[in-house]
Every structure is written in structure tokens, then in C-alpha cells.
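Asks: Mind having a look at this structure? Questions to follow.
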Amino acid sequence: MSIERAPPPNCAGCAFWRKLRENEGMCRRLAPEPSHRPEEAAHFPQTHSREWCGEGVAAASLSIGSRCADCVFWRHPDGGLNPVNRGDMPMSWWAHAGICARHAPRPTSEPGPRAFWRATQDTDFCAEGVVRERNVAAATKAPTP
Ligand code: SF4
């Protein structure tokens with residue numbers, strides 16, 4: 001038996017893509033994976049408007065998950081995060097950052113790895129986010145960048 005399926009849209013037509021500039025945008029399909037290094041900012045990947053993948057969904061048929069600030073997986077201490085090594089982001093970014101704990105750390109071939117969850121901004125969002133119950137109204141509104 002063969003199963004027919006419509007071809008996935010390209011990035012420009014995908015519900016998980018947010019345009020940044022002409023022909024370039026950001027894929028918000030997946031939440032960040034944990035890392036083996038502490039205090040890392042999560043950077044969502046950029047793609048070309050003509051690219052596509054098997055997880056694309058036509059924009060018209062779906063609204064995306066949640067903003068981080070409203071998400072059950074986001075942990076934001078009062079005052080934001082205060083890393084020893086702020087890496088490539090300014091402290092003003094870390095002040096509005098929290099930890100995305102959407103995914104469990106993956107096992108590795110090396111024994112004893114330490115796991116750390118990456119940081120996102122309150123205004124970030126992805127399709128794997130789940131809106132906290134007290135923000136049910138926000139769940140019905142698709143975030144925009
Ligand atoms: S919306 Fe939720 S799952 Fe997605 S990146 Fe933000 S905290 Fe993580």
C-alpha cells in the first residue's frame with residue numbers, strides 16, 4: 001500500500017519560518033538541545049527561503065507553539081541569568097534570558113558527561129513550546145518575531 005502525501009512547503013511557506021531579510025529567515029521548528037558546556041545561548045538556525053525539510057507545515061494550516069516567556073519548559077530566575085562567561089551575547093540579553101528545558105540530554109559514547117540546558121530570550125519561540133495554563137489566551141495567538 002502506498003501513502004500519498006502533499007510535498008512539504010519550502011521555508012518561505014512554512015509555519016515555523018520567520019523572515020529576517022530578503023530570502024533569509026529563521027527556523028523555529030525545534031527547541032534547543034542541551035549542551036555539554038555551561039552558559040550557552042541558543043541560536044536558532046537560519047535557512048534560505050527556497051530550502052525545505054520533511055518537518056515543514058504549510059503556514060496557513062498551523063499557528064506556532066509558544067513564546068518562551070509563556071512556556072512550561074522555560075526557567076527564568078528573577079533578574080534573568082547571570083553567567084560567568086556571557087559568550088557572544090551582551091548582559092542585556094542574559095537579563096531577559098531563561099533556560100529551555102524542553103529536551104532531555106542525549107546519551108553519549110563517553111562516560112560521565114555533564115549536561116547543561118541552553119538559554120533563550122523571553123521573546124524567542126518555537127513549535128515545541130507549550131503555553132502555561134494560566135496563559136490560555138496567549139495560546140490562541142500566533143507569536144510574531
Ligand atoms: S518556546 Fe518553550 S520549548 Fe520552545 S525554545 Fe522557548 S522555552 Fe524552549
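Asks: Enumerate the pairs (first residue in region 22-35 and in contact (Cβ under 8 Å) with a residue 12 or more places away in the chain and assigned to a loop (DSSP other than H, G, I, E, B); second residue anywhere and among the acidic types (D, E) and within 11 Å of the ligand (Cβ to nearest atom)) with beta-carbon separation below 8 Å, excluding pairs fewer than 6 apart on the same chain, so at least 6 apart or on different chains.
Replies: Pairs found: R29/E128; L30/E128; A31/E128.
Asks: If only one of A42, A59, A12 is farther than 22 Å from V130 by Cβ, touching a residue at least 12 places away in the same chain (Cβ under 8 Å) and of a type in the set (A, V, I, L, M, F, W, C), which one is it?
Replies: Details: A42 fails: farther than 22 Å from V130 by Cβ; A59 fails: farther than 22 Å from V130 by Cβ.
Of the residues listed, the single one that is farther than 22 Å from V130 by Cβ, touching a residue at least 12 places away in the same chain (Cβ under 8 Å) and of a type in the set (A, V, I, L, M, F, W, C) is A12.
Asks: For the list (1) under 17 Å from D124 (Cα atoms); (2) loosely packed, with under 15 Cβ neighbours inside 10 Å; (3) away from the ligand (no atom under 16 Å from the Cβ), I need the number of the one condition that N23 fails.
Replies: For N23, the failing item is (1).
Asks: Would you say A58 is of a type in the set (G, A, S), exposed (fewer than 15 other Cβ atoms within 10 Å of the Cβ) and touching a strand residue (DSSP E or B) at 6+ places or on another chain (Cβ under 8 Å)?
Replies: yes
Asks: Condition first: at pLDDT 95 or above and assigned to a loop (DSSP other than H, G, I, E, B). Now tell me which residues in region 90-113 satisfy that.
Replies: P90, H96, A101, R102, H103, A104, P105
Asks: Select from region 94-116 the residues that are more than 9 Å from the ligand (Cβ to nearest atom) and in contact with a strand residue (DSSP E or B) (Cβ under 6 Å, 6 or more places away or on another chain) and write down the one among them that is farthest from D70 (Cα to Cα). So that I can check it myself, show each step before the final result.
Replies: At the first step, the residues of region 94-116 found to be more than 9 Å from the ligand (Cβ to nearest atom) are 94-97, 104-116.
From what's left, in contact with a strand residue (DSSP E or B) (Cβ under 6 Å, 6 or more places away or on another chain): 96-97, 116.
Details: H96: 13, A97: 13, F116: 21 Å.
Among those residues, the one meeting the criterion is F116.
Asks: Sticking with this structure for a sec: Among (1) surrounded by fewer than 17 Cβ atoms within 10 Å (Cβ to Cβ); (2) modelled with pLDDT of 95 or more; (3) under 15 Å from the mean Cα position of the chain (by Cα), there is one condition T144 misses while meeting the rest; what is its number?
Replies: Failing condition for T144: (2).
Asks: S66 versus (1) more than 9 Å from the ligand (Cβ to nearest atom); (2) under 17 Å from the mean Cα position of the chain (by Cα); (3) at pLDDT below 95: which is the lone unmet condition?
Replies: (1)
Asks: I want to confirm something. Restricting to region 26-50 and keeping residues that are surrounded by 16 or more Cβ atoms within 10 Å (Cβ to Cβ) and more than 16 Å from the ligand (Cβ to nearest atom), which single residue is modelled with the lowest pLDDT?
Replies: Applying the filter and picking the extreme gives E39.
The values are calculated or read from the model by the stated rules, or taken from the named source; none is laboratory data. Remember, predicted model here, so these are calculated numbers, not experimental data. A quick note on method: Cβ atoms are made from the backbone with ideal geometry, for glycine too, and the neighbour counts reach across all protein chains shown.
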